[in-house]
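Every number in this text was worked out from the coordinates using simple rules, so none of it is lab data. Values in this document were obtained by computation on a predicted structure and should not be read as measured data. Methodologically, a virtual Cβ is constructed for each residue, glycine included, from the backbone with ideal geometry; neighbour enumeration extends over all protein chains shown.
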Amino acid sequence: MPRLPRLKRPTKKGAVTVVVMTFAAGLIATMALPAYAFGGGGSFDQGVATSGPLSGAQTLQVPADASAALAVSRDNYTAPTTEQLAASREAAAAAVAATEAANNAAAAAATAAASGATANSAFTVNPPSGSYSGAAIIAFAQQFVGVVPYGSGASPDTSFGCDGLTQYVFGAFGIYLPRTVSNQAAMGIPISPADAQAGDLMIYPIGHVGIYDGAGGMIDSPDWGRYVEHRPVWGSYYFVRIVA
């Protein structure tokens with residue numbers, strides 16, 4: 001019987017060599033996989049490696065019954081017509097013109113009052129005396145000072161507005177004066193301060209009236225919470241004489 005050759009025992013150095021070769025073979029195989037894939041040898045889409053453009057467009061499928069949800073709702077607003085726009089412009093222009101006219105009239109009245117005349121008339125030269133005694137007017141009005149309160153009335157039994165006091169006082173002498181300051185001013189003639197006498201009216205453009213006492217004072221019903229007063233003249237005013 002032939003004798004079998006004796007096998008050599010593996011040495012430590014040989015085992016290490018085997019391990020290194022095995023690792024190298026695995027590394028080469030791993031690196032070959034991406035090249036294999038991009039080369040088209042696998043099951044990847046070959047279109048990936050082509051030079052054609054890539055598109056990011058998407059397609060949205062909308063159900064046919066979704067159109068109702070996309071309907072645009074409308075309110076009842078309608079655009080104005082050309083006539084309506086023109087009317088609005090005309091109304092705005094009229095309002096601006098009225099405001100400017102009122103401002104101009106107020107400025108003119110204030111200027112005239114500061115110079116001692118009304119806006120529509122100059123002083124009367126050598127004005128006639130009234131048909132009443134100015135001293136008697138002042139004496140009659142004096143009895144209401146500190147007694148009758150300010151209000152909207154024209155009687156000492158209730159209250160005196162500024163025009164209510166003058167109406168009542170002059171009425172006692174047979175001279176009728178209407179209510180409101182402007183109406184009473186229109187009943188007389190404007191006079192210069194140099195010609196002013198006791199019993200003349202003092203007209204304030206702000207809408208106030210008093211009775212001049214002939215000595216730098218006036219009797220008037222001033223304001224809410226106060227009574228008829230005899231006090232020094234104040235502010236901007238002009239004189240009006242009642243000659244009826």
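Tabulated results
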read-out	value
Förster-model FRET efficiency, 35 Å R0, V243 and A215, C-beta, rounded to 0.05	0.95
Label-point separation, R89 to F173 (7 Å along Cα→Cβ), nm	5.9 nm
Neighbour-count order for T158, T81, fewest beta carbons within 10 angstrom listed first	T81, T158
Surrounding net charge for D220, when Lys and Arg each add one and Asp and Glu each subtract one, Cβ distance under 11 Å	-2
Semi-axis lengths, Å, segment 134-241, gyration tensor of Cα atoms, sqrt of 5 times eigenvalues	19, 14, 14
Summed side-chain charge close to I211 - residues other than I211 whose Cβ falls under 13 Å, Lys, Arg +1, Asp, Glu -1	-3
Relative exposure of L177, L201, judged by other C-beta atoms within 10 Å (fewest first)	L177, L201
